[in-house]
Amino acid sequence: MTPIKKAVKAGQHLFRENDRSRELYIIQSGKIRIYRTAGGKEIELTTLEKGSVFGEMALIDGKPRSASARAVDDCSVIIIDAETFHEKIRGVPPWFMSIIRMTSHKIRQANRRLQNISGEHQGAHITMTLYLFFERFDKPGNGLVIQSTQHQLIQLLGVTYQTVTRTFDFLHINKFVEIRDDLIRPLDQKRLGLYCEFLRLLIRKQLEGLELPSSKVSALAEVLIKKYPQIIKQDSSSTSVEGDYFYHLLESNELNEDHADVIEILSGLGLCIVQRNPRGGSQRPMSDVTIRLNHNGWKRMYLLNMFNSLTPGC
């Protein structure tokens with residue numbers, strides 16, 4: 001048998017969710033909507049256009065369809081059935097097809113896991129994946145094409161078009177990204193990266209029980225992280241600061257008068273450890289100590305203070 005070219009009318013289904021059909025489709029013209037049904041409602045995953053291939057998973061592993069496919073408008077598609085497919089790959093080594101089937105199995109497992117992402121975390125996963133897209137595919141900083149980026153996120157994360165759109169709007173309103181001329185680009189890549197680190201901690205529940213610091217301690221955190229950027233970049237580590245210099249930092253934030261109480265509070269919060277280093281009777285405040293800054297503690301407090309009110313509402 002040979003591949004078949006078929007005309008599909010607008011509104012016609014090529015297959016439905018949980019069908020046992022095993023054909024692969026290549027769009028020649030028109031658009032195909034891929035969606036799932038939940039609670040009696042259709043949830044759009046993506047809309048595919050000319051040149052797109054879909055339906056290949058069921059052809060490879062013979063399992064039921066994981067979504068439905070319906071023509072948006074009058075379309076033309078090429079259909080490759082299982083018999084034709086296996087005839088064409090007859091000379092392919094068995095071990096190669098085993099790898100393909102194993103890959104298909106892992107993709108289905110990943111899709112099931114991603115479908116179980118709670119609603120409150122979908123926006124976070126979209127944001128973090130978008131940030132990775134910027135880092136990998138937008139080296140010049142010109143931005144990414146919105147439509148293709150949306151489709152990639154939908155296919156990779158198993159989320160809906162509406163959820164991606166809401167997340168993009170949220171990031172735009174809060175000045176993480178700029179959306180213009182069908183492109184999306186980060187306004188400040190460093191700030192977006194810090195926000196993604198905040199979202200990771202939020203998802204892992206590592207911010208639970210933390211209280212927002214006072215304005216002076218928050219200002220101190222900003223100074224420390226600017227001076228020691230490794231606090232943000234290196235987990236499970238610490239940085240040593242000489243007591244004299246730490247006192248200077250407290251002084252610059254009007255915390256030096258009660259420095260002993262401040263150090264006690266910071267130590268109680270797990271933000272630092274005080275090590276005594278006698279310096280021959282010097283009378284300078286804190287000259288006889290070294291302060292070890294706990295990276296995890298300062299990072300969590302800093303990010304919580306910066307982004308506490310900014311969580312994607314989807």
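The values are calculated or read from the model by the stated rules, or taken from the named source; none is laboratory data. As the structure is a computational prediction, the values presented were derived from the model and not from experiment. Cβ placement follows ideal geometry from the backbone for every residue including glycine, while neighbour counts extend to all protein chains displayed.
The table below lists the values:
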read-out	value
Complete set of residues in the stretch 239-270 that are assigned to a strand (DSSP E or B) and not β-branched (Val, Ile, Thr)	Ser240, Glu242
Of all residues in the stretch 161-186 being surrounded by fewer than 21 Cβ atoms within 10 Å (Cβ to Cβ) and touching a Lys or Arg at 6+ places or on another chain (Cβ under 9 Å), the one that is farthest from Arg136 (Cα to Cα)	Lys175
Failed item in (1) assigned to a strand (DSSP E or B); (2) free of Cβ contacts under 8 Å to residues at least 40 places away in the same chain; (3) under 17 Å from Pro3 (Cα atoms), with Ile26 passing the rest	(2)
Pick from the stretch 131-162, criterion touching a helix residue (DSSP H, G or I) at 6+ places or on another chain (Cβ under 7 Å) and modelled with pLDDT of 90 or more, ranking: farthest from Lys50 (Cα to Cα)	Tyr131
In the stretch 228-242, the residues that are surrounded by 14 or more Cβ atoms within 10 Å (Cβ to Cβ) and either at pLDDT 85 or above or hydroxyl-bearing (Ser, Thr, Tyr) (or both)	Tyr228, Ser238, Thr239, Val241, Glu242
Test: residue in the stretch 47-56 that is without any contact (Cβ under 8 Å) to a residue 24 or more places away in the chain and not aliphatic (A, V, I, L, M)	yes
Some residue of the stretch 281-290 being modelled with pLDDT of 85 or more and within 25 Å of Leu194 (Cβ to Cβ)	no
Single unsatisfied condition, Thr165 versus (1) in the same structural domain as Ile263 (by TED's automatic domain parsing); (2) part of a helix (DSSP H, G or I); (3) free of Cβ contacts under 8 Å to residues at least 60 places away in the same chain; (4) of a type outside the set (Gly, Ala, Ser)	(1)
Candidates Ile4, Ile60, filtered to the one that is more than 27 Å from the chain's Cα centre (by Cα) and within 24 Å of Gln152 (Cβ to Cβ)	Ile60
Selection from the stretch 1-30 of residues that are closer than 16 Å to Asp73 by Cα, exposed (fewer than 13 other Cβ atoms within 10 Å of the Cβ) and among the hydrophobic types (A, V, I, L, M, F, W, C)	Ala10
